[in-house]
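Everything on this sheet refers to the single structure shown next.
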Amino acid sequence: MKTLIDSSIFKKYESKARGYCRRFNPIFTSAIGSIMNDIDGKKYIDFLAACGALNYGHNDCDMSRALLKHISNNGISAGLDLFSAPKADFLESFHRLILKPRGLNYRIQFTGPTGTNAIEAAMKLARKVTGRTNIIAFTNGFHGVSLGALAATGNKYNRMGACFSGVTRAPYEHYMGPDFDTAEYLDKLLSDPSGGIEAPAAILLETVQGEGGLNTASAGWLKRIASLAKRHGALLIVDDIQAGCGRTGSFFSFEKMGFEPDLITLSKSISGYGLPMALVLIKPEYDIWEPAEHNGTFRGNTHAFVTAKVALEKFWGDDSFSKEITTKAALITERLSHIKKLIPGSYIKGRGMMQGISVGSGELADKICRLIFKKGLIIETSGPHDEVIKILAPLTTPMDLLVQGLDIIQEAVIEVMNKSVPVDVVPFHKETADTPKSIATNLPFTIITNRNKNYAENLNHDVLG
């Protein structure tokens, strides 16, 4: 039975601060995997994934069952930072499946439930450890909109109306062009007594700047930043809130790059289910908090512990999921390499399943994305001028549905640019009646099946129908 909801209720009662619903304005009622359904029964392919908070898709069946079981058994709901069985289960799984195999040694601090809470805690701890106040953050970085995290955020629009201190801005890699070594520049400023920069408590960075336009730092640059942080007595904080939890192919975005951060912030997909949860990973020697020195009512979402444990056990028990992400990322790169030929001057940005195309202007990107949405695909823009069309599809998106979404992007670009399809651009697949641009079923695709057998049933759960 169709639900009747007057859409004017949102404009009438909700604050003008609302954002995503201004572009994606249907009333959504349900979702599964990489498909969202609206009140009129229309299906949309989701290439936004709650801005990276749904790396494992909507309503994973195993996480749903675990959560429903916990609730039906009157499991703990709000628990402050009390000991609980779900917390113990999560801690054990995270250590066994994430930290230990990577040779990492961190303490886990549960902060308030959002990414900005984790950033605030990390900045505060770095200042406590070093006795310094200055934080070095980078151009185009985005770290949250609470006051401390916002000071480290570069976006002028988000920063309006606030007064900030305690943060020095440095140029990210390639910000000054391909031949300018911004790591060397920062080192020189910090080494010069007259450089004008206070000795930093921490250097805060993203390895891939998600909201900043998918700017990607090289391993070499990141190693130099890590080295100079240590040399100048600063802690290195890696914000892995959007780039972590598998988004770039490995669980952490900095893996195999030759350095270890002192502090790591995680949120978004750490719960696995879109539930609010955030944490800071702390090198043991820097875990100098006094009891309850940095506290909060919701520092540990018990329901999120339940689903997070399932996500870890299901997707990170071996390397099959990482290999699957790598295969899908290669497909995205290959398809974008053809699509960019339709837009003069455009180029691919990002890595892993965190890629997109810079089309040169926010106006053009907006026009393309609005047409994409009309065709049944949810996708957003990023960058200082919103000029990057950014793909954040759930990592579990089946290959055929991923291709279908990329087909829609290509079709919209062709229409907006008013171009015929060049011979070297991948052709569209056969359309069906299922969704706006469905595809033929004879695509070559073999999903990796050697994942934990207890959770194998959900590998192909994300289907249309």
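The values are calculated or read from the model by the stated rules, or taken from the named source; none is laboratory data. It should be emphasised that the depicted structure is a prediction, and the values quoted were computed from it without experimental measurement. Note: ideal-geometry Cβ built from the backbone for every residue, glycine included; neighbour counts use all protein chains shown.
Read through the list (1) farther than 30 Å from HIS303 by Cβ; (2) touching a Gly at 6+ places or on another chain (Cβ under 7 Å); (3) not aliphatic (A, V, I, L, M), then give the number of the only condition that HIS232 fails. HIS232 satisfies every listed condition except (2). Would you mind stating whether LEU68 is more than 29 Å from GLY166 (Cα to Cα) and at pLDDT 95 or above? It is true that LEU68 is more than 29 Å from GLY166 (Cα to Cα) and at pLDDT 95 or above.
Scan segment 135-154 and tell me whether some residue there is more than 21 Å from ILE203 (Cβ to Cβ) and crowded, with 24+ Cβ neighbours inside 10 Å. Looking through segment 135-154, none of the residues is more than 21 Å from ILE203 (Cβ to Cβ) and crowded, with 24+ Cβ neighbours inside 10 Å.
From the list ALA243, ALA183, ALA229, the one residue that fits, being closer than 23 Å to ALA149 by Cβ and assigned to a helix (DSSP H, G or I), is ALA229. For segment 1-31, a residue qualifies if it is touching a Cys at 6+ places or on another chain (Cβ under 8 Å) and not in a helix (DSSP H, G or I), and exactly one does: ARG23.
Within segment 274-302, if we keep just the residues that are over 19 Å from LEU80 (Cα atoms) and assigned to a loop (DSSP other than H, G, I, E, B), the residue that is farthest from the chain's Cα centre (by Cα) turns out to be ILE288. Quick check: is even one residue across segment 144-159 in a loop (DSSP other than H, G, I, E, B), on the phi > 0 side of the Ramachandran plot and touching an Asp or Glu at 6+ places or on another chain (Cβ under 8 Å)? Yes, there is a match, as at least one residue in segment 144-159 is in a loop (DSSP other than H, G, I, E, B), on the phi > 0 side of the Ramachandran plot and touching an Asp or Glu at 6+ places or on another chain (Cβ under 8 Å). Out of contact with any His (no Cβ under 7 Å at 6 or more places or on another chain) and free of Cβ contacts under 8 Å to residues at least 24 places away in the same chain: is that true of SER146 in this structure? Against the criterion (out of contact with any His (no Cβ under 7 Å at 6 or more places or on another chain) and free of Cβ contacts under 8 Å to residues at least 24 places away in the same chain), SER146 does not qualify. Need the failing condition index for LEU312 against (1) part of a helix (DSSP H, G or I); (2) of a type in the set (A, V, I, L, M); (3) surrounded by fewer than 21 Cβ atoms within 10 Å (Cβ to Cβ), just the number. For LEU312, the exception is condition (3). Can you name the residue in segment 44-64 that is surrounded by fewer than 18 Cβ atoms within 10 Å (Cβ to Cβ) and more than 20 Å from the chain's Cα centre (by Cα) and, of all such residues, is farthest from LEU377 (Cα to Cα)? Here the residue is SER64.
The residues on offer are ILE339, ILE389, and the sole one that is more than 21 Å from the chain's Cα centre (by Cα) and modelled with pLDDT of 95 or more is ILE339.
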